[in-house]
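Notes to accompany the following structure.
The values are calculated or read from the model by the stated rules, or taken from the named source; none is laboratory data. A quick note: this is a predicted structure, and the numbers were derived from the prediction, not measured. Cβ: placed from backbone, ideal geometry, glycine included. Neighbour counts: every protein chain shown.
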Amino acid sequence: MTPPLKKIYLLDANVLINAHGLYYPIDMIPEFWEWIRHKATEGLIKMPIETFEEVRGGKKDLLTIWMHEKETLDHLMLKEDVDGEALNSVLSTGYATDLTDTEIEQVGRDPFLVAYGMNTRQTRSIVSEEISKPSKQRANRKVPDVCSSVGVECCNTFSMLRSLGFKTGWNK
């Protein structure tokens with residue numbers, strides 16, 4: 001019997017930005033960040049280069065310092081290239097077939113994140129703090145709605161934390 005495939009959670013930039021800014025500041029709850037790194041080392045949490053760089057390029061604070069650490073780079077960053085066909089599918093199906101240059105700038109790196117989720121859909125879940133708003137159209141669509149349009153699982157941070165069993169004091 002084949003063992004079940006492990007699920008990989010692909011993080012949107014807002015997951016780490018909100019975690020540090022609102023719930024788990026690095027200087028107050030370092031075990032959360034150690035846990036993220038540990039799960040990344042196990043291959044269960046990853047960030048595509050596009051969302052990774054979005055966080056690393058932000059304001060200089062403890063989060064960007066953590067993102068620049070070698071261990072974070074080595075384990076958290078997803079080591080694959082985006083599939084161009086998947087990216088085009090996300091853009092055309094998830095947003096619109098005729099996005100303007102301005103709209104493409106507006107959607108930013110979200111289509112890349114969703115495209116990585118299309119690779120082996122049954123074992124990947126996008127994690128985003130965006131809230132579904134099905135009435136939004138074109139470049140204004142939210143990550144959960146785009147994921148739904150292309151058949152990619154999407155959850156929020158707390159769903160991922162529950163699924164992976166995060167607890168403070170996890171490493172004791």
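A few remarks follow.
- Set side by side, the residues THR72, THR64 differ, and just one is in contact (Cβ under 8 Å) with a residue 12 or more places away in the chain and among the polar types (S, T, N, Q), which is THR72.
- Of the listed requirements (1) in contact (Cβ under 8 Å) with a residue 40 or more places away in the chain; (2) farther than 17 Å from THR64 by Cβ; (3) in a loop (DSSP other than H, G, I, E, B), ILE26 misses just one: (2).
- Set GLU80, GLU71, GLU50: member being loosely packed, with under 15 Cβ neighbours inside 10 Å, in contact with a helix residue (DSSP H, G or I) (Cβ under 8 Å, 6 or more places away or on another chain) and closer than 19 Å to ARG124 by Cα: GLU80
- Residue in the stretch 59-72 that is at pLDDT 95 or above, among the basic types (Lys, Arg) and part of a loop (DSSP other than H, G, I, E, B) present: no
- Screening ARG56 against (1) farther than 19 Å from ILE36 by Cβ; (2) crowded, with 17+ Cβ neighbours inside 10 Å leaves a single unmet condition, (1).
- Qualifying residues in the stretch 96-114 (those that are of a type in the set (A, V, I, L, M) and more than 13 Å from VAL146 (Cα to Cα)) - the one surrounded by the fewest Cβ atoms within 10 Å (Cβ to Cβ): ILE104
- Test: residue in the stretch 77-100 that is under 16 Å from LEU10 (Cβ atoms), of a type outside the set (Gly, Ala, Ser) and over 16 Å from the mean Cα position of the chain (by Cα): yes
- The listed residue being charged (D, E, K, R) and closer than 15 Å to GLU50 by Cβ, out of GLU129, GLU153, GLU105, GLU85: GLU105
- Residue match in the stretch 152-171 (condition: at pLDDT below 95, more than 18 Å from the chain's Cα centre (by Cα), among the hydroxyl-bearing types (Ser, Thr, Tyr) and more than 18 Å from TYR9 (Cβ to Cβ)): yes
- Output for the stretch 115-127, where each listed residue is surrounded by 16 or more Cβ atoms within 10 Å (Cβ to Cβ) and in a helix (DSSP H, G or I): ALA115, TYR116, GLY117, MET118
- Test: residue in the stretch 128-139 that is on the phi > 0 side of the Ramachandran plot, touching a Leu at 6+ places or on another chain (Cβ under 9 Å), not polar (S, T, N, Q) and not in a loop (DSSP other than H, G, I, E, B): yes
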